[in-house]
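The values are calculated or read from the model by the stated rules, or taken from the named source; none is laboratory data. Computed from a prediction, not measured in an experiment: that's the story for all the values here. Virtual Cβ from ideal backbone geometry, glycine too; neighbours counted across all protein chains shown. Ligands, DNA and RNA are excluded from the accessible area calculation, which covers all protein heavy atoms including side chains. Shrake-Rupley method; radii C 1.70, N 1.55, O 1.52, S 1.80 Å.
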Amino acid sequence: MDKIKEIRAYELIDSRGNPTVACFISTEKGAKGFSIVPSGASTGVYEAHELRDKDNTRFFGKGVTKAVENINEIIAPNLLKENIFSQRKVDDFLINLDGSENKKCLGANAVLAVSLAFAKAAASSQKIPLYKYLGGENAKKLPVPMMNILNGGAHASNNVDIQEFMIVPFGIKTFAEQMRAGCEIYAVLGKILKEKGLISGVGDEGGYAPSLSGDEEALELIIEAVFKAGYNTDAVGIALDVASSEWAQNGAYLLPKRNLLKTSDELIEDYENLCEKYPIISIEDGLGEDDTEGWKKLTERLGKKINLVGDDLFVTNTKRLKMGIKENIANSILVKLNQIGTLSETLDVMEMAKKYGYKNIVSHRSGESEDTFIADLAVAVNAPFIKSGAPCRSDRVAKYNRLLLIEKEI
Ligand code: 2PG
Ligand code: MG
């Protein structure tokens, strides 16, 4: 038994220079937990509510002083003296204290900061690593990294409409060697882009952000980099996050950068053609969150061949996943703690996914920090994959480095 002594929240800064909520919790026995919550750019409409001040005199309205105040003034006084090993009870309490369907009263950013700092303080009180606290003795398997080495969509100011082009070294044995492959391919891709006069800065998730003639050029360049770096596509596959909810418009899809209008059927056909031609092993949010009929067709056509991942589609929410299971759509779920707002609800959705044969892919957000919670979470639940951006930018690499250390420890 150990009890909460102090809860303090802060307004800190994320990887895009936007304010975000951080929370510090200490216990009577001297344990400490500290969390910083992430923030998305291409958010799903069914996500939990991120509370921002909307005071345009500060940070263009993006301040989080109200969320911070909600922790310090409302949540903290209620949780003092609470047993630090009662995660479920505290998460339920936070959900009820907020009282709304999507945590719009206290803010999911406030609620999540407390929920995660609470878990970290509990692990610290038991003097065990977070992955072991969350996963017990079964927490032994490292996820395969999905490294986003070319950025487009809402994460980059180039002309590429697909948001993420990831390399997935699934055929390489250890996490350390998978990271090595990712880093080497990333470096070679940089060289190729430079030689072709296509070099640019990087996008929000650390991938290069060149302007290209089309999506296929991105795929060609990445495959060239895989082989030039000394690997092959039997061991290194490609995953796409189309983030097509961003494109959805009046029952069709408008690809904003190229100004192309496509129907759901046309997009499905595009994906089938891409999968014929390239070693694509996974497509995330190929269709929008409300295009259930399209998702059914997409799943019929590609669901046995590749991972079809629901991100905006499921928003880490058991109700949305239940709908997906019932409709038989997608076969994998992207897991983002801040889409739902508490650790317990996140663990629930992952358990449901496992039970129904959906793969769990633990994910960062495009707005991140040095917080590495998701690395431990992925190991705790034996998630087959984690996506944390390119092996570039400390906000991305922090998670990969944490996993490298966990692999040594295990
Ligand atoms: C996604 C994420 C993370 P964002 O769409 O999967 O890569 O982006 O955090 O902007 O929603
Ligand atoms: Mg996504």
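Annotations for the structure displayed:
- Annotation: per residue accessible area for the range 83-189 equals 35 Å², rounded to a whole number [probe 1.4 Å, protein chains only].
- Phi to ³J(HN,Hα) by Karplus 6.51 cos²θ - 1.76 cosθ + 1.60 over the range 144-159, Hz, x for Gly, Pro: 7, x, 10, 9, 7, 9, 9, 9, x, x, 6, 9, 7, 9, 9, 9
- Exceeding the 29 Å Cα-Cα cut-off - candidates 120/319; 173/194; 5/359; 3/354; 132/296; 120/354: 173/194; 5/359; 3/354; 132/296
- C-alpha center-to-center spacing [the range 226-298, the range 135-176] in angstrom: 16
- Charged neighbours of residue 86, selected by a Cβ distance under 14 Å, balance to 0 (K, R count +1; D, E count -1).
- The string of couplings for the range 221-232 from the Karplus curve (6.51, -1.76, 1.60, θ = phi - 60°) is 5, 5, 5, 4, 5, 4, 6, 4, 7, x, 10, 9 Hz, one whole number per residue in order, with x for Gly and Pro.
- Pairs over the 30 Å Cα-Cα cut-off, from the set 257/336; 262/326; 62/127; 89/399; 141/305; 262/322: 62/127.
- Degrees, to the nearest 10: 175-195 long Cα axis against longest axis of the chain: 50
- To the nearest ten degrees, helix 264-277 and the longest principal axis of the Cα atoms of the chain are 70 degrees apart.
- Under a 5 Å amide H cut-off, with hydrogens placed 1.01 Å from N, residue 13 pairs with 20 among residues at least 5 apart or on other chains.
- Placing unit charges on each Cβ (+1 for Lys and Arg, -1 for Asp and Glu) gives the chain a dipole about its Cα centre, and among 135, 369, 397 the Cα reaching farthest toward its positive end belongs to 135.
- Under the Karplus curve 6.51 cos²θ - 1.76 cosθ + 1.60, θ = phi - 60°, whole-Hz ³J(HN,Hα) for the range 354-364, x wherever Gly or Pro sits: 4, 4, 9, x, 8, 7, 8, 10, 6, 9, 6
- The range 164-265: equivalent-ellipsoid semi-axes (sqrt of 5 x gyration tensor eigenvalues, Cα, Å): 28, 17, 11
- FRET efficiency estimate (nearest 0.05) - Cβ-Cβ, residue 249 to residue 328, R0 30 angstrom: 0.70
- By accessible area, using a 1.4 Å probe on protein heavy atoms only, the chain has 50% of its surface on carbon and sulfur.
- Each principal axis of the Cα cloud of the range 80-139 was taken in turn, and the coordinate range along them, longest first, works out to 36, 25, 15 Å.
- Reciprocal of mean inverse Cα separation for the chain (Kirkwood radius, Å): 21.5
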